[in-house]
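Everything on this sheet refers to the single structure shown next.
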Amino acid sequence: MKKALLIVDRGSREPDVRQELQEICSIAKRRAGYDYADYCFLEVLPPFIGEGISKCVASGAGFVTVMPYFLYPGMKLKDTVKQSAKIGKDRKLQMAITKPLSYHPMMAQLIVDRISELKKDRGITYPDKECDVVLIGHGSSDKNARDAFIHAANMIRPHYRSVHFCFLELDHPNIEEGIGQAIAGNPKVILMMPYFLHRGAHIKTDVVKDVNAALDKHGFTSAFMARHLGVDEKLVDLVIERAREVEKRFGV
């Protein structure tokens, strides 16, 4: 029986986001042996979930694994699961829906990897235990999303001198407050990690703007920004692991 993997992302108008998702699908297809792998969006722009599932079926797949590609539990995740499950039931498809990315140890490892890359690229020679980290999240009004983000921050605390967290919007501390808290600890260097899946508008514009404003306000210059999560084989391996968890229960 042919198998398809469908990654459901929140949605974006940014071409870079589509490119990253296409790369992730290609790697997953190759590494896990799927007959078909593609992405779709929950909202913003098509292809939406219904079209994504239709393309999987049109490819000849007898089983479709849907991966909600989200960092946090929350309303977007619930909407994705609800829509996907309804479509699968209405069309009488053999389909499984995975867990999201949150609460997996690999997410903490990816943050550590990004910070290590940043140190190497910028020639930062301080040991990790002399580095202060600020983890920047999107923010949500959903407590479950906040809890998942704080869990990620707590997972990396043993690696660094201190770990602070903040949010772009919808929650506190905001970026100015989070960076201010880090600076109050008299750091040698601040390493900032944008905990975002894609290089969308938030990464290109919003986060950079707020970070620069905060650093200017506090007159602090020894601060550096890591890249977002993006395309990474470890992240793809996590997608595959989540998929295999549910496929195993279906005997696929």
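Every number in this text was worked out from the coordinates using simple rules, so none of it is lab data. As the structure is a prediction and not an experimental result, all values here were calculated from the model. All Cβ positions, even for glycine, are placed from backbone atoms using ideal geometry, and neighbour counts span all protein chains on display.
Structural remarks
- Inter-label distance for residue 245 and residue 233, nm, one decimal - labels placed 7 Å from Cα along Cα-to-Cβ: 2.3
- Net charge over other residues, Cβ less than 15 angstrom from the Cβ of residue 176 (K, R count +1; D, E count -1): -4
- Entry for Cα extents along the principal axes in Å (calculated from the structure that is shown) out of (i) 59, 30, 29; (ii) 46, 41, 39; (iii) 66, 43, 30: (i)
- Here residue 157 and residue 205 are evaluated by their C-beta separation; at R0 = 41 Å the FRET efficiency comes out at 0.90.
- Scanning the chain for trypsin sites (Lys or Arg not before Pro) lying in DSSP loops with no more than 15 further Cβ atoms inside 10 Å, the longest uninterrupted stretch between such sites is 93-187.
- The modelled label-to-label distance for the pair residue 177/residue 125, using points 7 Å beyond Cα in the direction of Cβ, is 3.9 nm.
- Electrostatic dipole magnitude of the range 148-213 [Cβ: Lys, Arg +1; Asp, Glu -1; Cα centre; debye, to 20]: 360
- The slack between residue 212 and residue 14, meaning 0.36 nm per residue of separation minus the straight C-alpha distance, is 69.0 nm.
- Helical contribution to [θ] at 222 nm, DSSP H n ≥ 4, -39,500 (n - 2.57), averaged over the chain, rounded to 500: -15000 deg cm²/dmol
- Dipole check for the range 105-225: with +1 at the C-beta of Lys and Arg, -1 at the C-beta of Asp and Glu, and the Cα centre as origin, the magnitude is about 320 Debye.
- Using the alpha carbons alone, the radius of gyration of the range 128-232 stands to its Kirkwood radius in an Rg to Rh ratio of 0.93.
- When each of 55/78; 119/143; 120/248 is checked by Cα-Cα distance, pairs over 28 Å: 119/143; 120/248
- The alpha-carbon of residue 82 sits under 16 angstrom from the alpha-carbons of these lysines, leaving out residues fewer than 8 places away in its chain: 92, 99.
- Rounded to the nearest whole Hz, the Karplus-based 3J(HN,Hα) values (6.51 cos²θ - 1.76 cosθ + 1.60, θ = phi - 60°) of the range 234-245 follow the sequence 5, 5, 5, 4, 5, 4, 5, 4, 4, 5, 5, 4, with x at glycine and proline.
- Span from the the range 34-85 Cα centroid across to the the range 212-235 one, whole angstrom: 31
- Dipole moment magnitude, nearest 20 debye, the chain about Cα centre, only Lys, Arg, Asp, Glu C-beta charged: 820
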